[in-house]
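The structure under discussion appears below in the form of structure tokens.
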There are 2 protein chains.
Amino acid sequence: MTNHQPDPTLDLVFERIVDIPKELVWTAWTTPEHIKQWFTPAPWKTVDCEIDLRPGGMFRTVMQSPEGQDFPNTGCFLEIVENQKLVWTSALTTGYRPAKAQADGLGLAFTAVISLEAHGAGGTRYTATVIHADPESRKKHEDMGFHDGWGKAFDQLVALMKKEMKKEK
Amino acid sequence: MTNHQPDPTLDLVFERIVDIPKELVWTAWTTPEHIKQWFTPAPWKTVDCEIDLRPGGMFRTVMQSPEGQDFPNTGCFLEIVENQKLVWTSALTTGYRPAKAQADGLGLAFTAVISLEAHGAGGTRYTATVIHADPESRKKHEDMGFHDGWGKAFDQLVALMKKEMKKEK
């Protein structure tokens, strides 16, 4: 496995300790029916999602603005270690093909490393390291509301999976 | 493993059948001391090379023009199946970080899939599939002399490894 020591000038890090097991966080990140329920901070929606969970496989989402405009994104999975680590990038699309938006210098190229570690009894230390090409891209992502956005989305993930835990009881 | 069915509108394919075993082609592609001797069609040179052969690992080369100007490139390995398949991309750099040139819309973003298959007694079917974001990038790469360049470099690879085979006898 690759070591992902964050570089503070280039990377953004979002970290949380939560009281749901890492297997549930993994499920929320790797199944379209879950992604559609938590991935985009309300009132935005994720109206479609496709996941081909293998290196080179497609990670496609369609986000929808409150005004009803669709924003499709297709990324590519890079590393998959079940219940432990998920790496995907917006710089490539299905089958490792370079993303067109990146070839044009548009869009925001980043790679996300989602790390899950067991914490206490049934809890998880969740770390999302989001790595960029240069300080400008990092700043652009931060100014777009990275911390607030990833925070709200992750709150939705946790609330969703707690509801599922209750159902199972 | 990902299936790499080439798309003729987006990909360039270079294929050869040669009379050296695939293990030697693999060695030529994965060791810096070999890369430096074949990777760049003469009179260009590859004056430096660094290889960290794992998914997310660095693939760095420094090409030098006949006038002595250096052109450093750092790509990223994606898939490594010994003696069989090597995938790397110029769209990412070490640790899956998006490449700066791509974030700026400069440079040529491509992913190379090198496939090796045994052919007859001690021969190899060599296929390099080079995949691009869009038809414009494909055409740009072709116009830069893709077929001639990859052909001359591969001739150098074969000549080098034949010399090594003789030494070993």
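The values are calculated or read from the model by the stated rules, or taken from the named source; none is laboratory data. What you see is a predicted model, and the numbers here were worked out from it, not measured in a lab. Here the Cβ positions follow ideal geometry from the backbone for every residue, glycine too, while neighbour counts run over all protein chains shown. We work out accessible area using only protein heavy atoms, side chains counted, and drop any ligands, DNA or RNA first. Shrake-Rupley method; radii C 1.70, N 1.55, O 1.52, S 1.80 Å.
Details
- Only a single item in (1) of a type in the set (A, V, I, L, M); (2) open to solvent by less than 30 Å² (accessible area, probe 1.4 Å); (3) assigned to a strand (DSSP E or B) is not met by B:VAL25, and it is number (3).
- Taken as a whole, the structure places A:GLU82 among residues that are loosely packed, with under 15 Cβ neighbours inside 10 Å, closer than 29 Å to B:HIS4 by Cβ and in contact with a Phe, Trp or Tyr (Cβ under 9 Å, 6 or more places away or on another chain).
- Scope the range B:80-137; condition among the polar types (S, T, N, Q) and not in a helix (DSSP H, G or I); matching residues: B:ASN83, B:GLN84, B:THR89, B:SER90, B:THR93, B:THR111, B:SER115, B:THR124, B:THR127, B:THR129
- Residues that are over 15 Å from the mean Cα position of the chain (by Cα) and modelled with pLDDT of 95 or more were ranked within the range B:144-169; the one that is most open to solvent (accessible area, probe 1.4 Å) is B:LYS163.
- Scanning the range B:126-139 for residues that are farther than 26 Å from B:LYS22 by Cβ and more than 10 Å from chain A (Cβ to nearest Cβ) yields B:PRO135, B:ARG138, B:LYS139.
- Among the residues here, B:PHE39 qualifies as open to solvent by less than 60 Å² (accessible area, probe 1.4 Å), at pLDDT 95 or above, out of contact with any Gly (no Cβ under 8 Å at 6 or more places or on another chain) and farther than 30 Å from A:LEU108 by Cβ.
- Some residue of the range B:59-68 being in a helix (DSSP H, G or I), away from chain A (no Cβ under 14 Å), buried (at least 18 other Cβ atoms within 10 Å of the Cβ) and of a type in the set (Ser, Thr, Tyr): no
- Those residues of the range A:94-122 which are within 15 Å of the chain's Cα centre (by Cα) and without any contact (Cβ under 8 Å) to a residue 40 or more places away in the chain, in sequence order: A:LEU108, A:ALA109, A:PHE110, A:THR111, A:ALA112
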